[in-house]
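Enquirer: One structure follows; several queries about it will come next.
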Amino acid sequence: MNKIMLLGRLTKDVEVKKFSTDGEREGLLVGRYTLAVNRPYKRKGEQEADFINIVTFGKAAEFAEKYFKKGQQVAIAGRLQIKQFDGEDGKRQYFTEVVVEEQHFAEGKRID
C-alpha cells in the first residue's frame, strides 16, 4: 500500500503549467507546491519542518491554484512517487514527490 497523509503550510503559491510534450498528457494541467510539515519535536526550542514536494493534476491543479495561497494550512492524501534520472555528471539522481489524490483546507477562514 502506498498512502501518504500530510498536514502543512504552503511555502509559496501553487504553480500550474500545461504538459507540452506530445502524447496522451499533452495539454493536461500539472500543479506543484511545497508543504512545510512540522516535525513532532523541537530542537533547542525551535520547531523543525520537512519541506515536501507536492504534485497535482487536472481540475485538482486548477483548484489548488485558485484557492491555496502561501502560508495557508492544507491537508493532503496521496501516494509517494520517486523519479530517477541521470544527471549531467552521469550520476543517478532521485526526486521524491507526493502525488495528490485528495486535498483539503485545514484551517478556518481568517477574520481581519
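Enquirer: Is it true that PHE95 is surrounded by fewer than 11 Cβ atoms within 10 Å (Cβ to Cβ) and in contact (Cβ under 8 Å) with a residue 40 or more places away in the chain? Can you show your working first?
Expert: Details: surrounded by fewer than 11 Cβ atoms within 10 Å (Cβ to Cβ): yes; in contact (Cβ under 8 Å) with a residue 40 or more places away in the chain: yes.
Criteria met by PHE95.
Enquirer: Being assigned to a helix (DSSP H, G or I) and loosely packed, with under 12 Cβ neighbours inside 10 Å, is that true of even one residue in the stretch 49-61?
Expert: Yes: one or more hits.
Here is a yes/no grid of residues against (1) modelled with pLDDT under 95; (2) not in a strand (DSSP E or B):
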| position | (1), (2) |
| --- | --- |
| ARG9 | no, no |
| VAL16 | no, no |
| THR21 | yes, yes |
| GLN47 | yes, no |
| ALA64 | no, yes |
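Enquirer: Give the residue, chosen from GLN81, GLN103, that is assigned to a strand (DSSP E or B), surrounded by fewer than 15 Cβ atoms within 10 Å (Cβ to Cβ) and not hydroxyl-bearing (Ser, Thr, Tyr). Outline the logic, then answer.
Expert: Numbers: GLN103 fails: surrounded by fewer than 15 Cβ atoms within 10 Å (Cβ to Cβ).
After applying the criteria, what remains is GLN81.
The values are calculated or read from the model by the stated rules, or taken from the named source; none is laboratory data. These numbers come from a predicted model, not from an experiment. Here Cβ is always computed from backbone atoms with ideal geometry, including for glycine, and neighbour counts include all displayed protein chains.
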